[in-house]
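Heads up: the structure comes next, in structure tokens.
The values are calculated or read from the model by the stated rules, or taken from the named source; none is laboratory data. Nothing here was measured: the structure is a model prediction, and the numbers come from that model. Ideal geometry is used to build each Cβ from the backbone, glycine not excepted, and the neighbour counts take in all protein chains shown. Remember, those area values only see protein heavy atoms, side chains included, never the ligands or the DNA or RNA. Shrake-Rupley method; radii C 1.70, N 1.55, O 1.52, S 1.80 Å.
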Amino acid sequence: MLLHQAMSSILKIVAVGAIFFGETLSVVAELIASKQFGKAGGHFTTLLPMFLLISVGGILLVCGYALGYMYLKNIWIIVAISVGAILVVEPILALLLFRDVPTAGSLIGLVFGALGTLAAIIF
């Protein structure tokens, strides 16, 4: 029984990690593709490596969602984890890759999105 609980806990952590890293890889691919595509003048060959990266991210997301639902038994927790990962990762990567600060409206939107995700996890 103790081994079963330990494995269940480990698989929950693996599911959350897969969702977080899948979202991270997907966001990295999206942001890098948009930056490279804009610089290269719209050549689709610059996007090919990003297709591979987002495919790996998608595989991690599908596995994370499946494992997460199997062991957490609540899809809304999984959705909140996914949205939360995007809310954390995307602004940080956008700042790092584009060196651009958000406008007041987009910052307010990020705050409300974060509060909504937090509410979904807590309540």
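Just a few scattered comments:
- Each residue in segment 23-36 was checked for being touching a residue at least 12 places away in the same chain (Cβ under 8 Å) and open to solvent by 60 Å² or more (accessible area, probe 1.4 Å), and 3 pass.
- Residue count for segment 101-110 satisfying the condition of being surrounded by 11 or more Cβ atoms within 10 Å (Cβ to Cβ) and of a type in the set (A, V, I, L, M, F, W, C): 3.
- Selection count where residues are without any contact (Cβ under 8 Å) to a residue 40 or more places away in the chain and either of a type in the set (A, V, I, L, M) or touching an Asp or Glu at 6+ places or on another chain (Cβ under 6 Å) (or both), scope segment 37-61: 9
- Condition check for F98: open to solvent by 70 Å² or more (accessible area, probe 1.4 Å), touching a residue at least 12 places away in the same chain (Cβ under 8 Å) and of a type in the set (F, W, Y): yes
- Test: residue in segment 32-52 that is among the hydroxyl-bearing types (S, T, Y), at pLDDT 95 or above and part of a helix (DSSP H, G or I): no
- Those residues of segment 37-69 which are exposed (fewer than 15 other Cβ atoms within 10 Å of the Cβ), more than 20 Å from the chain's Cα centre (by Cα) and either under 22 Å from P91 (Cβ atoms) or polar (S, T, N, Q) (or both), in sequence order: G38, K39, T45
- Within segment 89-123, being of a type in the set (D, E) and over 18 Å from the mean Cα position of the chain (by Cα) holds for one residue alone: D100.
- Checklist (1) modelled with pLDDT under 85; (2) open to solvent by 50 Å² or more (accessible area, probe 1.4 Å); (3) of a type in the set (A, V, I, L, M, F, W, C) applied to L87, failing item: (2)
- Some residue of segment 70-78 being part of a helix (DSSP H, G or I), in contact with a helix residue (DSSP H, G or I) (Cβ under 7 Å, 6 or more places away or on another chain) and open to solvent by less than 40 Å² (accessible area, probe 1.4 Å): yes
- Under the condition of being among the hydroxyl-bearing types (S, T, Y) and at pLDDT 85 or above, the residues counted in segment 90-123 number 2.
- Residue check for I92: out of contact with any Gly (no Cβ under 7 Å at 6 or more places or on another chain), open to solvent by 40 Å² or more (accessible area, probe 1.4 Å), within 24 Å of F21 (Cβ to Cβ) and touching a residue at least 60 places away in the same chain (Cβ under 8 Å): no
- Of the set (1) open to solvent by 70 Å² or more (accessible area, probe 1.4 Å); (2) assigned to a helix (DSSP H, G or I), all apply to S82 but (1).
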